[in-house]
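The values are calculated or read from the model by the stated rules, or taken from the named source; none is laboratory data. Computed from a predicted model, the values in this text were never measured in an experiment. Cβ atoms come from the backbone with ideal geometry, glycine included; neighbour counts cover every protein chain shown. Please note that ligands, DNA and RNA were not included when accessible areas were found on the heavy atoms of the full protein model with its side chains. Shrake-Rupley method; radii C 1.70, N 1.55, O 1.52, S 1.80 Å.
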Amino acid sequence: MATVEPKLILLFSGKRKSGKDYVTDLIHKRLGPDVCCIVRLSGPLKQQYAQDHGLDFDELLGAGEYKEKYRADMIQWGEKQREKDPGFFCRVAIKEAQQPIWIVSDTRRLSDLQWFWREYPSQSRCVRVEASEETRRERGWEFTTGIDDAESECGLDQGVDFDWIIKNEGDGSQLEEQLATGLLSIAKEKVKED
């Protein structure tokens, strides 16, 4: 477990190419690295997968063809690990988190959310990033059987009451307004609390 108790944990989910990383990076820049950190659940998964399969970890972290080549197998491998221990990747991912605000940029399964809800019930808030299929296609998304219909993409489509839904259609001013009036103001309030 992390050595610092967080004041707020923002648990982000969304479809591929919805812009989760873009939105979480924007929030991180606005709040600053002293106040907030980005936690990626996929990092520990990709690191262990790369180690077990003799692959290049840095390439798996990227957005290119290398990651896409192994994505389906990596998803299946990750599911098997979660069946054995649903909180494994969550625990590893937060080990280095020291800031008062944690942004978990890639929650993909109900088991991820349930772990944070159980371990940090008063701090955890769910955020969904949404973009139309047209916008996602413009960003390079193409439906892929075995990936876009898998739990890692669809596991949070139903049954979750999101605290915030962020529309990320590419209009920067609309996104800025959504963040300023919601997430950023609440995060700043939490940091001031003692």
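Details
- Screening the candidates Lys67, Lys46, Lys7, Lys20 for the property of being under 12 Å from the mean Cα position of the chain (by Cα) and open to solvent by less than 70 Å² (accessible area, probe 1.4 Å) yields one hit, Lys20.
- Selection from region 80-93 of residues that are in a helix (DSSP H, G or I) and open to solvent by 40 Å² or more (accessible area, probe 1.4 Å): Lys80, Gln81, Glu83, Lys84, Phe88, Arg91, Val92
- Filter pass, Gly182 being out of contact with any helix residue (DSSP H, G or I) (no Cβ under 7 Å at 6 or more places or on another chain) and closer than 23 Å to Asp34 by Cα: yes
- Here Glu96 qualifies as assigned to a loop (DSSP other than H, G, I, E, B) and either more than 26 Å from Ile166 (Cα to Cα) or open to solvent by 60 Å² or more (accessible area, probe 1.4 Å) (or both).
- Residues of region 152-167 that are over 25 Å from Gly78 (Cβ atoms) and surrounded by 11 or more Cβ atoms within 10 Å (Cβ to Cβ): Asp163, Trp164, Ile165, Ile166, Lys167.
- Applying a threshold of 9 Å to beta carbon distances and a minimum spacing of six or more residues, or different chains, the list of pairs starting in region 5-31 at a residue that is over 19 Å from Ala93 (Cα atoms) and ending at one that is among the aromatic types (Phe, Trp, Tyr) and open to solvent by 10 Å² or more (accessible area, probe 1.4 Å) reads Lys15/Trp141; Arg16/Trp141; Lys17/Trp141; Ser18/Trp141.
- Hey, Glu177 assigned to a helix (DSSP H, G or I), touching a Lys or Arg at 6+ places or on another chain (Cβ under 7 Å) and either surrounded by 13 or more Cβ atoms within 10 Å (Cβ to Cβ) or not aromatic (Phe, Trp, Tyr) (or both) or not: no
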